[in-house]
Amino acid sequence: MARRDSKNNLVLFLITTIIVVAALSFVIRFEEPLRSWVAFRMIGGTHADPITLVKLILWASLAYLAVRALRALLWGFFFRLRRGYEAPALVQNVFSIVIFTLLFVIIFSELYPTINLGALFTTSAIFGVILGLALQDTLGNFFAGISLHADRPFQVGDVITVGTLKHTGVVESISWRAIKIRTFSNHVVLVSNSSAAKESIEVCPRDNLNARIVFFSTLYTDSPAKTIHIIREAVRDADNVSPKITPVVRIRNLGESGVDYEVKYWPEDYVRHHDTDALVRQRIWYAFRRAGLTFNFPTRTIEVKRRPVASSHEADQNALIERLSAVDIFAPLTVDETAMLAQASVRHVFAPGETVIRAGDAGSSMFVLHGGRVQVRVSEGGHFRPVAVLNEGDFFGEMALFTGEPRTAHVVAMEETEVLEIGHEAMKKLFDTNPDLVESLSYIIAERRKGLADRPEGPEEQDESAGLLAAIKRFFRLS
Ligand code: CMP
């Protein structure tokens with residue numbers, strides 16, 4: 001499209017040049033006959049010389065066309081070839097105006113040798129003052145624009161905050177009059193160059209890691225060391241948080257009713273920082289929930305005595321028992337054993353996109369999906385490939401729990417996901433009181449592994465189950 005446009009422009013340019021050159025040659029060739037014809041038509045005679053005026057117009061047009069050609073050649077071709085990008089429009093315009101004015105003065109003094117252009121300008125001082133006053137703002141913008149282009153304090157694509165009203169947005173263009181900013185509400189704000197030159201401007205360059213700070217507070221009862229570790233880990237793998245610099249979590253203030261913290265992180269794409277700030281806050285909320293931390297908010301302690309409400313806890317417990325008894329590897333358990341398992345399991349909630357299990361980590365617990373969905377991603381040639389999606393009632397993390405080997409895959413929450421974590425201790429208790437369970441578990445896990453890995457059925461099923469049985473017994477120190 002752009003190529004066709006420039007082709008059309010070139011054709012138009014050539015046609016115009018041919019017409020102007022032809023007209024000029026005609027006027028120069030037939031100057032004398034034209035002059036007598038005009039004199040004959042203008043009865044009464046006049047001092048004005050229309051032929052010279054026409055020549056002035058034609059020469060000036062030719063000069064204009066020459067300047068355009070020079071501009072295209074110099075800036076559009078040589079500059080782009082050497083620097084790799086187009087010269088700013090403002091610089092090109094200034095160049096064209098200066099060259100054209102020079103050519104015009106030369107042409108004018110050739111055609112009107114008796115008129116002194118310099119005197120014309122100096123004697124029209126009042127005109128100059130009027131013009132100067134009228135163009136005060138425009139010229140101010142123009143020169144401020146030149147200095148912006150020369151200094152290059154920011155470029156198109158950078159995020160800047162400017163003006164007394166603190167307009168923040170992405171720079172869309174810098175023209176001879178104004179800077180155009182697109183705010184994060186998708187509004188366009190124009191800040192005139194002259195006012196931008198007077199204000200301080202905060203620049204977040206596009207190719208720079210610009211930090212962001214998000215605040216939160218905990219109660220005084222929550223340990224700072226634990227809080228700092230948990231929040232740093234929760235934030236570092238959020239989308240758009242740069243992996244090049246680890247987020248910093250630190251105490252900002254010991255407030256009236258709690259400890260105030262700040263999380264400093266570096267977004268990869270600063271333009272999306274509002275979304276990333278929100279995601280970081282979301283991660284903080286979920287991490288608080290999992291780690292049993294408590295947000296600080298202004299509190300007043302009112303002591304109200306209530307009778308213990310057993311029923312809601314009981315209903316919760318029953319829901320857990322129901323969930324665990326529906327899991328196929330726990331099918332061989334008795335009702336009491338399932339209740340014991342429910343008692344020992346810990347509930348966690350994960351945000352969409354959060355990593356529940358990281359491949360290669362040591363792991364001593366397995367998880368049952370109580371709500372939501374997770375995706376299993378297996379490392380393959382340096383990157384992670386999704387291999388399965390697990391739904392409510394499914395389980396994962398059993399391989400590391402039962403064999404003591406490192407985690408084999410990433411498991412990532414696809415939506416808000418609630419899991420029940422069952423630890424090594426709880427399983428060992430079950431194995432001690434119910435030795436046959438190891439065998440049935442190893443068989444079910446081998447079956448499931450086979451299904452998940454999508455392998456053909458065969459005699460190795462027996463071998464795998466026996467191998468697993470030995471590994472589980474070794475790991476849990478069972479006879
Ligand atoms: P674990 O190795 O402890 O941690 C990662 C978990 O992902 C693993 O246990 C299994 O529960 C699960 N997993 C690994 N590979 C697959 C697969 N191919 N399909 C489904 N789940 C898997």
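The values are calculated or read from the model by the stated rules, or taken from the named source; none is laboratory data. Here the structure is a predicted model, which means the values were calculated and not measured. A quick note on method: Cβ atoms are made from the backbone with ideal geometry, for glycine too, and the neighbour counts reach across all protein chains shown. The accessibility values were calculated without ligands, DNA or RNA, using every heavy atom of the protein model including side chains. Shrake-Rupley method; radii C 1.70, N 1.55, O 1.52, S 1.80 Å.
Being in a strand (DSSP E or B) and either more than 16 Å from Leu441 (Cβ to Cβ) or free of Cβ contacts under 8 Å to residues at least 12 places away in the same chain (or both) is the filter here; which residues of the range 368-377 pass it? The answer is Leu369, His370, Gly371, Val374, Gln375, Val376, Arg377. Every condition in (1) touching a His at 6+ places or on another chain (Cβ under 8 Å); (2) among the hydrophobic types (A, V, I, L, M, F, W, C); (3) open to solvent by less than 70 Å² (accessible area, probe 1.4 Å); (4) within 27 Å of Arg236 (Cα to Cα) holds for Ile174 except the one numbered (4). Against the criterion of being in contact (Cβ under 8 Å) with a residue 60 or more places away in the chain and either surrounded by fewer than 18 Cβ atoms within 10 Å (Cβ to Cβ) or at negative phi (or both), Ala362 does not qualify.
Results for (1) touching a residue at least 24 places away in the same chain (Cβ under 8 Å); (2) over 21 Å from Arg272 (Cβ atoms), shown as yes or no for each residue.
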{"residue": "Thr164", "(1), (2)": "yes, yes"}
{"residue": "Gly169", "(1), (2)": "no, no"}
{"residue": "Ser175", "(1), (2)": "yes, yes"}
{"residue": "Ala178", "(1), (2)": "yes, yes"}
{"residue": "Thr183", "(1), (2)": "no, no"}
{"residue": "Asn186", "(1), (2)": "no, no"}
{"residue": "Leu190", "(1), (2)": "no, yes"}
{"residue": "Ser195", "(1), (2)": "yes, yes"}
{"residue": "Cys204", "(1), (2)": "yes, no"}
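For the range 435-472, filtered to residues that are within 24 Å of Pro386 (Cα to Cα) and at pLDDT below 65, the residue that is surrounded by the most Cβ atoms within 10 Å (Cβ to Cβ) is Leu452. Working only within the range 5-50, note down all residues that are hydroxyl-bearing (Ser, Thr, Tyr), within 60 Å of the chain's Cα centre (by Cα) and modelled with pLDDT under 80. Ser6 - this is the single residue of the range 5-50 that is hydroxyl-bearing (Ser, Thr, Tyr), within 60 Å of the chain's Cα centre (by Cα) and modelled with pLDDT under 80. Within the range 199-215, being closer than 19 Å to Val156 by Cβ and in a strand (DSSP E or B) holds for Glu202, Val203, Cys204.
Beta carbons closer than 9 Å, at least 6 apart along the sequence or on distinct chains, pair a first residue in the range 257-278 that is of a type in the set (Gly, Ala, Ser) with a second that is outside any loop (DSSP other than H, G, I, E, B) for Ser257/Ser217; Gly258/Ser217; Gly258/Thr218; Gly258/Phe295. Taken over the range 421-434, the criterion of being open to solvent by 20 Å² or more (accessible area, probe 1.4 Å) and assigned to a helix (DSSP H, G or I) is satisfied by His424, Glu425, Lys428, Lys429, Asp432, Thr433. Checked against (1) within 12 Å of the ligand (Cβ to nearest atom); (2) surrounded by fewer than 17 Cβ atoms within 10 Å (Cβ to Cβ); (3) in contact (Cβ under 8 Å) with a residue 40 or more places away in the chain; (4) within 26 Å of Val280 (Cβ to Cβ), Gly353 passes all but condition (1). Checking each residue in the range 398-420 for being open to solvent by less than 40 Å² (accessible area, probe 1.4 Å), near the ligand (Cβ under 6 Å from one of its atoms) and either modelled with pLDDT of 95 or more or outside any helix (DSSP H, G or I) (or both) picks out Arg407, Ala409, Val411.
Yes/no per residue for (1) touching a Leu at 6+ places or on another chain (Cβ under 7 Å); (2) modelled with pLDDT of 90 or more; (3) within 15 Å of the ligand (Cβ to nearest atom):
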site	(1), (2), (3)
Ile357	no, yes, yes
Arg377	no, yes, yes
Phe384	no, no, yes
Leu390	yes, yes, yes
Thr433	no, no, no
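One residue stands out among those in the range 308-350 that are in a loop (DSSP other than H, G, I, E, B) and of a type outside the set (S, T, N, Q): the one that is most open to solvent (accessible area, probe 1.4 Å), which is Pro308. Confirm whether Phe288 is touching a strand residue (DSSP E or B) at 6+ places or on another chain (Cβ under 8 Å), aromatic (Phe, Trp, Tyr) and surrounded by 18 or more Cβ atoms within 10 Å (Cβ to Cβ). Answer is yes for this residue.
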